[in-house]
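Novice: Quick one: this structure, given as structure tokens, is what I'll be asking you about.
The values are calculated or read from the model by the stated rules, or taken from the named source; none is laboratory data. Everything numeric in this text was worked out from a predicted model, so none of it was measured. Counting neighbours? That spans all protein chains shown, and the Cβs are built from the backbone with ideal geometry, glycine included. With ligands, DNA and RNA removed, areas are computed over all heavy atoms of the protein, side chains included. Shrake-Rupley method; radii C 1.70, N 1.55, O 1.52, S 1.80 Å.
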Protein chains: 2
Amino acid sequence: MESNIKRKELNVSAIENGTVIDHISQGKVLQVVKILGLESFEDQIYLGANLESKKFGKKGIIKVSNRFFQEDDINRIALVSPTATIIEIRDYDIIKKFNVQVPEKVAGIVKCINPKCVTNNQKIPTKFEVYTIDDRLRLKCHYCEKFTNQENFEFNQG
Amino acid sequence: MESNIKRKELNVSAIENGTVIDHISQGKVLQVVKILGLESFEDQIYLGANLESKKFGKKGIIKVSNRFFQEDDINRIALVSPTATIIEIRDYDIIKKFNVQVPEKVAGIVKCINPKCVTNNQKIPTKFEVYTIDDRLRLKCHYCEKFTNQENFEFNQG
């Protein structure tokens, strides 16, 4: 019994109220922390990296107390880790669970890679169409039509 | 009973073999991850930040599977978080537990803040005496005698 409890604890740290971001792509946990601005967050946070996953080989997980994410943040997460699952917790119970969806369009959350793009030179928010090519995301700029590839995504913080 | 187990899981994620770094100073968890080179580590890691601590108000904790730290890394941790405790785990049991000690001298792990220092211009490892002034660490360079303050520590990675 003792050893069963110990083993269970290996995978689970419950939070009372807040959000669990599960099934984060391997190697992306710290990037998700960064794009959500959690580095300076002051309530409890748990992270797990390189955990075994039935679905994806290895995965990461983030549990944030007393924080619930809105559409912009969910889209940020989807752009970094399209496999992620969002689980909202109230009083230790799951009240909502859904997979992030890569949006068709994103506005104002990623920078355009083209230094000459109007969005890098005037106070105009970026606007992209999202393409998935060979399992990798590419953003096509509404203004300059240049593509920004997944490995070059630079996020404006929320 | 169910709710007791849930609450216990809030604070504990056991690892089978590896090291727990407990009582990390508030706000320093991600810096400890960085100085230990854990960003690219491939075994299981758990982090907790902003956790309640009986001793220090709030604290962080890091649990790293299958990794045991040597003197240089322990000194790095001590320079970032002098309050940290190191706990070594084998087969879920604690085999060693100790507080980090701020060393009297450190060699080769922090850069000298003085751009003209010989250590920044030739391949000479840095060497410092450690001072604690008003609860803050300062390193006095053996070569140029300039002080590098805690908030300016820049670590060479292990």
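Novice: Can you tell me which condition A:GLY27 does not meet? The list is (1) free of Cβ contacts under 8 Å to residues at least 40 places away in the same chain; (2) part of a strand (DSSP E or B); (3) of a type outside the set (Ser, Thr, Tyr); (4) within 23 Å of A:ASP135 (Cα to Cα), and all the others hold.
Specialist: (2)
Novice: OK, next. In the range A:123-152, which residue that is among the β-branched types (Val, Ile, Thr) and outside any loop (DSSP other than H, G, I, E, B) is least open to solvent (accessible area, probe 1.4 Å)?
Specialist: Here the residue is A:THR148.
Novice: Which of the residues spanning the range A:35-59 are in a helix (DSSP H, G or I) and among the β-branched types (Val, Ile, Thr)?
Specialist: A:ILE35
Novice: Considering each residue of the range B:93-122, count those that are open to solvent by 30 Å² or more (accessible area, probe 1.4 Å) and either touching a Phe, Trp or Tyr at 6+ places or on another chain (Cβ under 6 Å) or not small (Gly, Ala, Ser) (or both), and give that number.
Specialist: Total satisfying the criteria: 19.
Novice: Identify all residues within the range B:35-57 that are in contact (Cβ under 8 Å) with a residue 12 or more places away in the chain and over 22 Å from A:ALA14 (Cβ atoms); write none if there are none.
Specialist: Answer for the range B:35-57, where residues must be in contact (Cβ under 8 Å) with a residue 12 or more places away in the chain and over 22 Å from A:ALA14 (Cβ atoms): B:ILE35, B:LEU36, B:GLY37, B:LEU38, B:PHE41, B:ASP43, B:LYS55, B:PHE56, B:GLY57.
Novice: Please go through the range B:79-92 and give me each residue that is open to solvent by 50 Å² or more (accessible area, probe 1.4 Å), outside any strand (DSSP E or B) and over 17 Å from B:LYS55 (Cβ atoms), ordered by number.
Specialist: Result: B:ASP91, single match.
Novice: Next question. Does B:ILE62 count as in a loop (DSSP other than H, G, I, E, B) and among the β-branched types (Val, Ile, Thr)?
Specialist: Criteria not met by B:ILE62.
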